[in-house]
Amino acid sequence: MNMTRTRSRFAWLVLPLMLVASIASAQTMEIEIGYRWLDLDGSESMYRSQINERDGFILRAFTMTSVSDSAIADRYKITASDLGSTPAGMFRIEAAREGSYLLRIGYHTADAYSAIPGFANPLLSQGVIPGQHTFDRSRSTFDADLEFIPGRKFSPFIGYTYHQTNGPGTTTYFVGQDEFRLVSDLDDTDQEIRAGANFNLGRVYGQVTQGWRDFSGRETFSLDAGEASGNNVVPILGRNITITSFSRDSRTDVSSPFTNAFVVGDVHSRVKLIGSFVHASAETDGIEDESLTGSFVSFPLGRFFSGLNENVGSRADNTTWRGEGRAEISIRDGIDFIAGYRREHREVSGAAFITSMFIDTITFSGADRSNIEEIINTENVLEREEDTLSAMVSARAMGPFALRAGYSESNRDVTITPDLEEVVIGGGNGGTFERKIRTFDTTGTFSKKGFTLGATWRHDTADEPIFRTDFDDRDRIRIRASYARPMFSIGATAEEIDQQGVNLDNNIQQYSGDITFTPIPALQLRASAGKFDVDSNVSYRRPENFVIENSIYAEQGTSYEGGLTFFRAPFTLDVNGGRFENEGTTPFNVDRFRTRLVYDFLARAGIAAEWSRDEYREGLATFGDFDSTRYGIFLRFRP
Amino acid sequence: MTERDKSMTPKATGRLLLLLVVVLFSGATVVAQEPPATQPPAQETPAEPPATQEEATAEQPAMSCGDCHDQARDFLHNPHARGNVENGVVSNGACETCHGDGTAHMEGGGDKAQITVPRGREGADGTCLMCHDTTTHKKSPRSGVHANSSAVNCLSCHSIHKSENRPALLAKETEALCATCHSTQVAAFRGKPFAHRLGRGGMSCVSCHEPHGRAGRENIRTVASGEIACASCHREKHGPFVFEHGAVSAGDCSSCHEPHGSTNAHQLKRATVAQLCLECHSPTQMATAGSQPPSFHNISNPRFQNCTTCHVAVHGSNRSPQLLK
């Protein structure tokens, strides 16, 4: 476990907060901090891929607010949660002086970990785990937005975002008719600067933003230890395929200016006109250097070779814009007619210039030893356009009833011009595709004396598919009924999505029921149960023999949850438990339990104890099974 | 990273003891300095008003809302108190913005008939939307999925007096609030093994969904450059790439991924990768994009059962049309 990174992150974030807290004259402040222990049996990789809560210190919650007449800020609020040995955490600062400025600063961090026994693992049957694609990375995002003179006719703002993703991983590389496991180290940064203004001229208001995004990424690769033989141990043309050295350095830079604007006009007391426009233009520059040595086969060259040096220079452009206008007309109070039109356009084009030097090649008969240089200039273009026309009636104020009904028509036009290198079999991947989708969408609700009934039906019908999995007809139905009184509430939900296509039959059904009972104000009991069924059937052609088979995917899941909250000063008890059973293509069971007891032994101090348990069991194999128990003690202060 | 399938027992007995000492020492220190706990539960109902107007006048003239209503005194940090705070005390103006002039109510000894209490759709229309008519290109209180109605209105989700310091004065934590109606989606998050971590690190339903948004696609948040919310964290997937996967270019992330929880480690719509890929990449009589078979691989061989073992750059590549690197 990457405890060093965790502790460092914890210190960097918590210490400034504590410093601020100590020097500021906060009017309310709450802090909960403590330590959590992990007891794990079974697959650590699967546990970390799913949950990844670890041993260590945790800032569970921090809140500080102040309202004052200070010249710097007349109010501020600082919140933080789950910083430290957690898979994700955040802090947020909001400070303002009425009529002068509004400042928002946010920081989010999340671990990205994946090491699954069965994912991308051709060697699972040999007991080699986890799979060849793993990563142990972290994502951090820092955001700052400052608005000047908010609420005035013209309020300019500036903003900045810094995002970083980094950490090691493993992957697989196909070369010379074999696959080799590589280790990689990724370091991506993405920065965005934006500036603009909110404006409010009475009947007309809106926002304009101009931004610039810059992405810079670098990933280096090398051969993983003990992986010289590759996945394929069978000789090819009498020769063992092995790799003795490998290195790759891949760098990518993306520059993307964008413009984003919307305007709302109250042209009449009953008519609003809304317009919006967004335009982004991105350019990618990529450089990649790769070299490897070993013993390989190339069928395109018809030769063996013992090394490869490759250089790639690439460039890609993407222009995207979207414009929309709509009118909201109030026919009478609570009844509105809305109509709109939207056009979207996306154009991606790219080219790569690849120079490959195959070292020490010989023909399959052993003759003509030489180095061979291959130069490829490859290009790719995709263009997509979509027009959508929509109209809707929304009647919200018909006593206990409300109704919304709408119709939209969307025309999609996609042109794909693939590179010739991609074409293996006639028919190709490219072409021009047109698809029209008509959608009817209606929602009705009834609510009176605690009883609420809501139903939604959406029907989509399309003419031609773009992808094989596109539907011809799709129906989505959702019904929910609930009844709430001061002491209890009960509800039930049913949903169904049904899709039909030329080679497609897909049905999803979900049902759930929930009940909450509050016999006394200090005690709340709750329980819920759910069931969902997924049944998907898509025909496909097996690539090795062209036989058509059905890709059948099914899930039958059942969930049960229950819990209680008990509050009697100075104690608060929260208990929750649940079980999720899944049968079908991927059977598994998940059991989760959470308990938290808070004892506020003083008005300004307390202690909290937490106990959590997660059990995961797979039905087809036991590689990923785990039992985890976590328990922690936290101190709570309200200085 | 190697698999270490073994039991991990708590390795910090010393740290536990140290922490307990700190806890006990802290508790003892605070006990020595502070009076016993006297924290009453938050009160929504008003304190008992004086029985008669005469009694009120004689004993304690009701000059401010906070004399009877605890929530008025606790309103200092509520955003609705802005502009109505004098010397650290919330003035009646903060209450009267929504409840109207309270003079008759006070003079009536707390007569409930003499004060406005916004409730339901009418209350939201007549009070909340007077200031919070947030019509934008994404939002609409008239036509949005949660458009103000008798079934769902502002007060269904926002609690003006009892939000307990939650953002946007929410009545409950976001996940619990959304689960009130969207129980099947929340069950998928809680139950399925691979899902975004709701409730951790500030991520919640509203990280991706716009609760005030219009129906359909406008219900999904977008980043400033116009891309859907996925791009706010998964920035390396932005591209553009020389060779973008058509499912990304002509569709979107949800062409392959299930954001609400999946049985697949990478939140794919199918448990196995080959199944997902071959449903599109399979030749039939229809002319559809990407329908050629990727190769002649024998998918009964474990080497070829996971397409992404070799086609690693599945979102896009600047080098390989076959997305091999």
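Probe radius 1.4 Å, ligands and nucleic acids ignored: give me the carbon and sulfur share of the accessible area of segment B:239-317 as a rounded percent.
Looking at segment B:239-317 in its full context, I get 59 percent from C and S.
Give me the 1.4 Å probe accessible area per residue for segment B:62-114, excluding ligands and nucleic acids, in Å². Don't jump to the answer; show the numbers that get you there.
Numbers: 2950 Å² over 53 residues.
On a per-residue basis, 56 Å².
At 1.4 Å probe size, what's the solvent-accessible area of A:Asp178? Round to the nearest 10 Å².
0
Which value, in Å² and to the nearest 10, is the accessible area of B:Lys162 when all protein chains are kept and the probe is 1.4 Å?
Roll a 1.4 Å probe over it and B:Lys162 shows about 90 Å².
Tally Lys and Arg at +1 and Asp and Glu at -1 over the other residues with C-beta under 14 Å from the C-beta of A:Gly202: what net charge comes out? Show your work: numbers first, answer last.
On the way: positive: A:Arg152, A:Lys153, A:Arg203, A:Lys272; negative: A:Asp266, B:Asp133.
So the surrounding residues net to +2.
Taking the Cα centre of chain A as the origin, how large is its charge dipole in debye, to the nearest 20, when only Lys and Arg (+1) and Asp and Glu (-1) carry charge on their Cβ atoms? Could you put the intermediate results ahead of the total?
Details: 66 positive and 89 negative charges, 701 e Å.
Magnitude of the dipole: close to 3360 debye.
Run the quick spin-label model on A:Tyr162 and A:Lys436: label points 7 Å from Cα toward the beta carbon, then report their separation in nm to one decimal.
Spacing of the two 7 Å Cα→Cβ label points: 5.3 nm.
Can you give the accessible area buried between chains B and A, summed over both chains, with a 1.4 Å probe, in Å² to the nearest 100? Mind dumping the intermediate values first?
Numbers: alone 23110 and 34490 Å², together 43950 Å².
Roughly 13700 Å².
Quick check on segment B:239-317: take the gyration tensor over C-alpha atoms, sort the square-rooted eigenvalues as a ≥ b ≥ c, and tell me if it's rounded (a/c under 1.5), prolate or oblate. Mind showing how you got there, number by number?
Numbers: a/c = 1.38, a/b = 1.06, b/c = 1.30.
Rounded, because the longest to shortest axis ratio a/c is under 1.5.
Among A:Gly238, A:Ser184, A:Thr209, which residue has its Cα furthest toward the positive end of the charge dipole of segment A:159-246, with +1 on Lys/Arg Cβ and -1 on Asp/Glu Cβ?
Selected residue: A:Thr209.
Take A:Asn507 and B:Val89, extend 7 Å from each Cα along the Cα→Cβ direction, and tell me the distance between the two endpoints in nm.
Those two pseudo-labels are separated by 6.9 nm.
By accessible area of protein heavy atoms, probe 1.4 Å, what ranking do A:Tyr631, A:Tyr47 get, highest first? Mind dumping the intermediate values first?
Values: A:Tyr631 80, A:Tyr47 0 Å².
Sorted by accessible area, descending: A:Tyr631, A:Tyr47.
Go through A:Asp368, A:Asp514 and list them by solvent-accessible area, largest first, probe radius 1.4 Å. Numbers along the way, then the final one.
Working: A:Asp368 90, A:Asp514 35 Å².
Largest to smallest exposure gives the sequence A:Asp368, A:Asp514.
Got a sec? What order do A:Trp321, A:Trp457, A:Trp212 fall in by accessible area at 1.4 Å, biggest, i.e. largest, first? Don't jump to the answer; show the numbers that get you there.
Working: A:Trp321 75, A:Trp457 95, A:Trp212 125 Å².
Reading off the accessible areas and sorting them downward yields A:Trp212, A:Trp457, A:Trp321.
With every protein chain left in place and a probe of 1.4 Å, what is the accessible surface of A:Ile497, to the nearest 10 Å²?
For A:Ile497, the solvent-accessible surface is approximately 50 Å².
Does the protein assembly as shown come out rounded, prolate or oblate by the C-alpha gyration tensor, with a ≥ b ≥ c the root eigenvalues, rounded set by a/c under 1.5 and, if not, prolate when a/b is larger than b/c and oblate if not? Intermediate values should be presented prior to the final figure.
Details: a/c = 1.89, a/b = 1.52, b/c = 1.24.
Verdict is prolate for the protein assembly as shown.
Give me the percent of accessible area attributable to carbon and sulfur for segment B:120-219, probe 1.4 angstrom.
59
Counting partner chain Cβ atoms within 10 Å of every residue's Cβ in B:194-205, what's the average? Present the calculation step by step, with values, prior to reporting the outcome.
Values: counts 4, 1, 2, 10, 0, 3, 10, 14, 15, 4, 0, 0.
If you average over the peptide's residues, the count of other-chain Cβ atoms is 5.
Anything losing 20 Å² or more of accessible area from the isolated chain to the full protein assembly: pick those residues out of segment A:446-476, probe 1.4 Å, ligands and DNA/RNA ignored.
Residues meeting the cut-off: A:Ser447, A:Pro465, A:Ile466, A:Phe467, A:Arg468, A:Thr469.
Any idea what angle helix A:3-23 forms with the longest principal axis of chain A, computed on alpha-carbon atoms, 0 to 90 degrees, nearest 10?
30
Tell me the label-point distance for the pair A:Ile329, A:Phe488, using the 7 Å Cα-to-Cβ offset, in nm and rounded to one decimal.
Once both label points are built, they end up 4.9 nm from each other.
Helix-only estimate, please: 222 nm mean residue ellipticity of chain A, summing -39500 (n - 2.57) across DSSP H runs of length 4 or more and dividing by its residues, to the nearest 500. Display every interim value, and only then the final one.
Details: 2 runs with 28 residues, N = 639.
When only DSSP H runs of four or more count, the value is -1500 deg cm²/dmol.
Do any residues of segment B:158-181 show a loss of at least 10 square angstrom of accessible area between the isolated chain and the full protein assembly, using a 1.4 Å probe, and if so which?
B:Asn165, B:Pro167, B:Thr180, B:Cys181
Which listed residue (B:Ser207, B:Gly123, A:Thr586) has the Cα farthest towards the positive end of the charge dipole for the protein assembly as shown, taking +1 on Lys and Arg C-beta and -1 on Asp and Glu C-beta about the Cα centre?
It is B:Gly123.
State the percentage of accessible surface on segment A:273-344 attributable to carbon and sulfur atoms; use a 1.4 Å probe and exclude ligands, DNA and RNA. Present the calculation step by step, with values, prior to reporting the outcome.
Values: 1660 of 2850 Å².
Accessible surface attributable to carbon and sulfur in segment A:273-344 totals 58 percent.
In square angstrom, what is the accessible area per residue of segment A:187-259 with a 1.4 angstrom probe?
Details: 3550 Å² over 73 residues.
I get 49 Å² per residue for segment A:187-259.
Provide the per residue accessible area, probe 1.4 Å, for segment A:587-639, rounded to a whole number of square angstrom. List each step's numbers first, then the result.
Numbers: 2230 Å² over 53 residues.
Result: 42 Å² of accessible area for each residue.
Averaged across B:98-107, how many Cβ atoms of other chains sit within 10 Å of each residue's Cβ atom? Could the numbers behind the result be given before it?
Details: counts 0, 0, 0, 0, 0, 0, 0, 0, 0, 0.
Partner-chain Cβ atoms within 10 Å, mean over residues of B:98-107: 0.
Just counting partner chain Cβ atoms within 10 Å, what average do the residues of peptide B:312-324 show around their Cβ? Kindly include the intermediate steps, with their values, before the conclusion.
Details: counts 9, 1, 0, 0, 5, 7, 15, 12, 7, 12, 5, 1, 4.
For peptide B:312-324, the averaged partner shielding equals 6.
The values are calculated or read from the model by the stated rules, or taken from the named source; none is laboratory data. Values in this document were obtained by computation on a predicted structure and should not be read as measured data. Here the Cβ is made from the backbone with ideal geometry for all residues, glycine too, and neighbour counts use every protein chain on show. All accessible areas refer to the heavy atoms of the entire protein, side chains included, with ligands and DNA or RNA removed. Shrake-Rupley method; radii C 1.70, N 1.55, O 1.52, S 1.80 Å.
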